[in-house]
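Working notes, structure below.
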Amino acid sequence: EYENYKIQKFLDDNNLVIDYEKKEIRKKRWRADKDNGYYYINSINKILLDNEYGDDVDDARYFLGNYFRTREQAEQAAKEIRDIFEKHKND
């Protein structure tokens, strides 16, 4: 058990996570601390700022990938979404 603790501490200290499915260690994705802000894209492709509360909505956005540290990151993703929709608009 102590060995497991040491391994987890090392991972946490280095912002790493084990992906058991892919059998690899990778950098942990950023997630805001509780009560701190993050950006997301709403259903009409507008960028909004929300606070992290650890609730189901925050979890859903995070796991979907609709969760950004900066407005610029969210704007880039929103542009890519618009481009996809534009491509399929006349199909």
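A few remarks follow.
- Any strands (runs of 3 or more DSSP E) falling wholly within the chain and containing at least 2 residues that are of a type in the set (S, T, N, Q): none
- Taking the numbered list (1) open to solvent by 50 Å² or more (accessible area, probe 1.4 Å); (2) in contact with a helix residue (DSSP H, G or I) (Cβ under 9 Å, 6 or more places away or on another chain) in turn, residue 64 passes all entries but (2).
- Matching residues, the stretch 34-53, being open to solvent by 50 Å² or more (accessible area, probe 1.4 Å), more than 22 Å from residue 82 (Cα to Cα) and of a type in the set (Gly, Ala, Ser): none
- Within the set 28, 34, 22, the sole residue that is within 28 Å of residue 79 (Cβ to Cβ) and basic (Lys, Arg) turns out to be 28.
- For residue 31, the criteria (1) exposed (fewer than 12 other Cβ atoms within 10 Å of the Cβ); (2) out of contact with any strand residue (DSSP E or B) (no Cβ under 7 Å at 6 or more places or on another chain) hold in every case but one, which is (1).
- From the options 57, 17, residue that is open to solvent by 70 Å² or more (accessible area, probe 1.4 Å) and of a type in the set (A, V, I, L, M): 57
- Inside the stretch 34-63, residues that are among the small types (Gly, Ala, Ser) and in contact with a strand residue (DSSP E or B) (Cβ under 7 Å, 6 or more places away or on another chain) make up a count of 1.
- Taken together, 79, 22 contain a single residue that is charged (D, E, K, R), surrounded by 10 or more Cβ atoms within 10 Å (Cβ to Cβ) and free of Cβ contacts under 8 Å to residues at least 24 places away in the same chain, which is 79.
The values are calculated or read from the model by the stated rules, or taken from the named source; none is laboratory data. Everything numeric in this text was worked out from a predicted model, so none of it was measured. Don't worry about glycine lacking a Cβ; one is built from the backbone with ideal geometry, like all the others, and counts go over all protein chains shown. Accessible surface is based on the protein model in full, side chains and every heavy atom, while ligands, DNA and RNA are left aside. Shrake-Rupley method; radii C 1.70, N 1.55, O 1.52, S 1.80 Å.
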